[in-house]
Every structure is written in C-alpha cells, then in structure tokens.
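**Q** First the structure, then my questions, so here it is.
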Amino acid sequence: MSASPPLIPPDVLESVAPILRTVAHPVRLQILDLIRDGQATPSELAEAIGLPLSQISQHLQGLRQLGILSPIAAGRTRPYRVSHPSILGVLDCIRKHMQSEQ
C-alpha cells in the first residue's frame, strides 16, 4: 500500500480556490488549451472558439487579472501566453479523465 501525499494546508487551498474557479469555465479551458504551447491574439482565439471578440476579451481579462495569462507586447495585436504553466496540469487531468472514461 502506498503512502498518501501530505494534506494540502487550508491556507494554500484558500489561495488557489479563486484561480480554480476562474479556470473552471469551458471557454477559459479552451483558451488555455489553444495557447498551452505558444501564444494567440484575442482575434485568433475568437475565430478558433467561434465566439465574438468581446466575449473572448472578457474571458482573457479574468485570466489576466489572476496572472494565469499575460499579454506579450507586440504592437496592436497583443498576443497572450500562459504565465504559469503549472495551471496546464488541469488540462492534463481532463485528458486523463477522458481516457479513463473511454
């Protein structure tokens, strides 16, 4: 029988809960999945996801405010990239779950 990892302290759970709440939205998960290994502009994301640019911009704002994404200074286009790659573990968990359901 393997030992369980130590419990995560409550203060750490409190600090990550807002990030998980923000990421736990289908469009935001799509955004993270689309730019996990690179970058994309809001227009590129809107086209790939099929939503109006205004909606994509709102989602980007929420992800940016928590430091999950950051804009890259590149003129007017301002592509975004993932600031903290560790958050991409959420996508890995989703993929693992999908495989176990098949």
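The values are calculated or read from the model by the stated rules, or taken from the named source; none is laboratory data. None of these values were measured; they are calculated from a predicted model. Backbone-built Cβ (ideal geometry, glycine too); neighbour counts: all protein chains shown.
Yes or no, residue by residue, for (1) modelled with pLDDT of 95 or more; (2) exposed (fewer than 15 other Cβ atoms within 10 Å of the Cβ):
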| residue | (1), (2) |
| --- | --- |
| Ile19 | no, no |
| Leu34 | yes, no |
| Leu60 | yes, no |
| Pro71 | no, no |
| Ile87 | no, no |
| Arg95 | no, yes |
| Met98 | no, yes |
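**Q** Quick one: would you say Leu51 is of a type outside the set (Gly, Ala, Ser), more than 17 Å from Leu88 (Cα to Cα) and surrounded by 11 or more Cβ atoms within 10 Å (Cβ to Cβ)?
**A** On the way: of a type outside the set (Gly, Ala, Ser): yes; more than 17 Å from Leu88 (Cα to Cα): yes; surrounded by 11 or more Cβ atoms within 10 Å (Cβ to Cβ): yes.
Judged against the criteria, Leu51 is a match.
**Q** Report every pair of residues separated by at least 6 positions or lying on different chains whose Cβ atoms are under 6 Å apart, first residue within the stretch 80-102 and under 14 Å from Gln30 (Cβ atoms) and in contact (Cβ under 8 Å) with a residue 24 or more places away in the chain, second part of a helix (DSSP H, G or I) and among the acidic types (Asp, Glu).
**A** Leu91/Asp33
**Q** Across the stretch 69-102, what is the number of residues that are under 16 Å from Ile19 (Cα atoms) and of a type in the set (S, T, N, Q)?
**A** Summing the residues that are under 16 Å from Ile19 (Cα atoms) and of a type in the set (S, T, N, Q) in the stretch 69-102 gives 3.
**Q** Give the residue that is surrounded by the fewest Cβ atoms within 10 Å (Cβ to Cβ), with candidates limited to residues of the stretch 36-48 that are small (Gly, Ala, Ser) and touching a residue at least 24 places away in the same chain (Cβ under 8 Å).
**A** Keep residues of the stretch 36-48 that are small (Gly, Ala, Ser), which gives 38, 40, 43, 46, 48.
Applying the additional criterion that residues be touching a residue at least 24 places away in the same chain (Cβ under 8 Å) yields 38, 40, 43.
On the way: Gly38: 9, Ala40: 19, Ser43: 14.
In this case the residue turns out to be Gly38.
**Q** OK, next. Keeping to the stretch 1-36, report how many residues are in contact with a helix residue (DSSP H, G or I) (Cβ under 9 Å, 6 or more places away or on another chain) and over 16 Å from Leu63 (Cβ atoms).
**A** Going through the stretch 1-36, the residues in contact with a helix residue (DSSP H, G or I) (Cβ under 9 Å, 6 or more places away or on another chain) turn out to be 8, 19-20, 22-25, 27-36.
With over 16 Å from Leu63 (Cβ atoms) added as a condition, the list becomes 8.
Residues meeting the conditions: 1.
**Q** Of the residues Pro26, Pro71, Pro52, only one is out of contact with any Asp or Glu (no Cβ under 6 Å at 6 or more places or on another chain), over 21 Å from Pro85 (Cβ atoms) and of a type outside the set (Ser, Thr, Tyr); which?
**A** Values: Pro26 fails: over 21 Å from Pro85 (Cβ atoms); Pro71 fails: over 21 Å from Pro85 (Cβ atoms).
Unique residue meeting the criteria: Pro52.
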